[in-house]
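Read-outs throughout are calculated quantities, based only on the coordinates presented, and are distinct from any laboratory measurement. The structure displayed is predicted, hence computed values, not measured ones. Glycine gets a Cβ as well: all are built from the backbone with ideal geometry, and neighbour counts include every protein chain shown.
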Amino acid sequence: MTDHVQTVVVGAGVIGTAIARALAQAGHEVLVLEAEDSGHHHTSARNSQVIHAGIYYAPGSLKARLCVEGRRMMYDFCATRHVDHLNCGKLIVATTEGQLAELQVLHDRGHANGVDDLHLISGEAATDLEPELRCLGALVSPSTGVVDAPGFMRALQGEAEAAGASFATHAPLRRATSDPKGWRLEIGDTDGTGLTCNNLVNAAGLGSWDVAAAMDDPGIAIPTRNHVKACYFSLGGAASPFERLIYPAPDAASLGVHSLRDIGGQVRFGPSVHFLDGAAIDYRNDVDPAPFATAIRRFWPGLPEDALVPDTCGIRPRITPPGAPLADFMIRGPADHGRTGLVHLFGMESPGLTSSMAIGAHVARLMA
Ligand SMILES: Cc1cc2nc3c(=O)[nH]c(=O)nc-3n(C[C@H](O)[C@H](O)[C@H](O)COP(=O)(O)OP(=O)(O)OC[C@H]3O[C@@H](n4cnc5c(N)ncnc54)[C@H](O)[C@@H]3O)c2cc1C
């Protein structure tokens, strides 16, 4: 490891990796510090692997803009780099009369966000498309898809490295002290004499609060920390009863229990929403399947009894408390805090995977 690097990115999840690629391609000398043996252990490896269209988010928000831009970049990248993905489409379904009006709201919001291929269909038309589905009406999102998220991350890392970026694993950032050059970093168990950098990007996901707290001058007020557990169930490797993704009308705290398929066609249902105590990281799937089965049967009455098998579990890094509406991505650069070369990313929950390449481009612009 050199003793001075121009730009350090903390975290090799999909967002840190996409940022490293964008910065390296913009001419930065980049070192990525990753605490684990790879970036495939936390949120980026424990999500729905959905390429979101950009429907749900407030028009003009970072989530809306970066999701729509990132989705286009991602489809293009996956097609040209041969990353497995499938533009399978999605139905957002109403199972009560009240939800029919919500579908119209989603349609209009998506349209305002630049998702111009949405259309509403009747319950009968939805069942024509998906014979196992029961609903009163649906919003069709043709541009939603699924991706092999680990393969996508590997391809991003390959291009970052080809542009000169280096990735150091087992390298947790412990402390960052202001230095005439920018920052002096203490990494792992070293004594802190090893590394200085000009620019620092905090893309540590669930660790972003700790990274900010480890800086003598983070430049910002560190936001509220919430870890929100999200568990999935499968049918033990069985194929999906649906070709498309099936989502219920969302509530304020989540997109609801939805039916996912991966690129191989296997089905998963989820995720749950459960606030953990403080900064806990607990990936055990200890969720009761009964409420899950009830939620799924609202749109798929054919779910067999006792069929749900516990599957993976992730944790959302959330900056709003229980009961509060979801917040926008919190990305803070020099224009926000006045420190050249410093960018923090907090609350990078969904649609962070879809948005990752656009986030990379956005951070490169903040650094320019
Ligand atoms: C249940 C769930 C489902 C989701 N589904 C979707 C979806 O379908 N589509 C979509 O677009 N988005 C989805 N998301 C959101 C998406 O997964 C995240 O936005 C994205 O993976 C976040 O990436 P990240 O790089 O910020 O975080 P992470 O993947 O958590 O990476 C952060 C990295 O930083 C490292 N780190 C932490 N602290 C330190 C330190 N001190 N020093 C060095 N390294 C450190 C960690 O080890 C980790 O590897 C979902 C999220 C969840 C929780």
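Points worth noting:
- Principal axis dimensions, largest first and in whole angstrom, of the range 145-254 by Cα: 59, 37, 23
- A Cβ-based charge dipole, computed about the Cα centre of the chain with Lys and Arg at +1 and Asp and Glu at -1, lands at about 520 debye.
- Sorted largest first, extent of the chain alpha carbons per principal axis (Å): 66, 39, 37
- Expressed in units of 2.2 N^0.38 Å, where N is the residue count, the Cα radius of gyration of the range 1-125 is 1.37.
- When the P(r) of the range 249-361 is calculated, the portion above 21 Å amounts to 52% of the C-alpha pairs.
- Local charge for Thr312 was computed over the other residues whose Cβ lies under 10 Å away, with Lys and Arg +1 and Asp and Glu -1, and equals +1.
- The distance from the alpha carbon centre of the range 128-155 to that of the range 167-212 is 39 Å, rounded to a whole number.
- Going from the residue with the fewest nearby Cβ atoms within 10 Å to the one with the most, Thr80, Thr312 rank Thr80, Thr312.
- 222 nm mean residue ellipticity, helices alone, for the chain (DSSP H n ≥ 4; -39,500 (n - 2.57); rounded to 500): -8500 deg cm²/dmol
- Charge-dipole axis of the chain as Lys and Arg at +1 and Asp and Glu at -1 on Cβ define it, positive-most pick from Thr80, His362, Ala238: His362
- Under 13 Å, Cβ to Cβ, from Leu353 - net charge with Lys/Arg +1 and Asp/Glu -1: +2
- Beta bridges per DSSP, both residues in the chain: antiparallel share near 65 percent.
- Cβ-to-Cβ counts within 10 Å put Ser355, Ser166 in ascending order as Ser166, Ser355, the fewest first.
- The range 257-287: trypsin sites (Lys or Arg not before Pro) in DSSP loop, at most 13 other beta carbons within 10 Å: Arg284
- Helix 352-367 vs. the chain, principal-axis angle (Cα, 0 to 90°, nearest 10): 30
- Rg and Dmax of the range 167-220, both derived from C-alpha coordinates alone, stand at 10.6, 29 Å.
- Think of it this way: in the chain, Cys67, Cys78, Cys88, Cys135, Cys197 stand alone, with no other Cys Cβ under 4.7 Å.
- Shape index of the range 52-98: Rg/Rh, with Rg the Cα radius of gyration and Rh the Kirkwood radius from the inverse mean 1/r over Cα pairs, equals 1.10.
- Residue exposure sequence - Lys90, Lys181 - by fewest surrounding Cβ within 10 Å: Lys181, Lys90
- Separation between Cα centres of the range 306-368 and the range 25-68, rounded to whole Å: 7
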